[in-house]
Amino acid sequence: MLDHDAIIKAYPDCVQITDADGAFKSDGSGGLIKIELDQSLIDAARVELNKLNYRYQRASRSGYISLSDQLDQLYHDIDAGKFGADAKTGSWFVGITSVKNAYPKPS
């Protein structure tokens with residue numbers, strides 16, 4: 001089975017992947033061209049994706065809420081007109097500040 005996420009990271013122009021047929025990019029006129037996959041590029045992309053996943057999991061365990069929830073907080077703060085100094089009273093800023101205070105960045 002192909003590692004679809006790693007292939008997409010390694011080949012950003014990839015538009016279609018099937019386990020049976022491989023990965024394809026657009027030929028520019030509606031057709032597809034098969035991508036000759038280089039396993040070392042896919043493996044390197046997998047390492048990078050695993051690092052990103054580790055950072056996300058670590059942040060989740062340290063008190064950060066999900067990115068989608070953070071973006072929702074930001075949306076509501078902006079919708080409520082929380083700009084400039086007033087932004088520091090918004091739910092996103094207050095939530096992030098409490099996490100940053102609880103889990104300070106190591107020096």
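Extension gain, Met1-Arg46: 0.36 nm per intervening residue step, less the Cα-Cα distance, totals 14.8 nm.
A simple spin-label model places pseudo-atoms 7 Å from Cα toward Cβ; at Phe93 and Leu32 they are separated by 4.9 nm.
Using a probe radius of 1.4 angstrom, the carbon and sulfur fraction of the accessible surface of the chain is 57%.
Given the choices (1) 63, 31, 20; (2) 37, 34, 19; (3) 53, 35, 22, Cα extents along the principal axes in Å derived from the coordinates of this structure is entry (3).
The values are calculated or read from the model by the stated rules, or taken from the named source; none is laboratory data. Since we're looking at a predicted model, the values are computed, not measured. Note that we place each Cβ from the backbone using ideal geometry, even for glycine, and neighbour counts take in every protein chain shown. We work out accessible area using only protein heavy atoms, side chains counted, and drop any ligands, DNA or RNA first. Shrake-Rupley method; radii C 1.70, N 1.55, O 1.52, S 1.80 Å.
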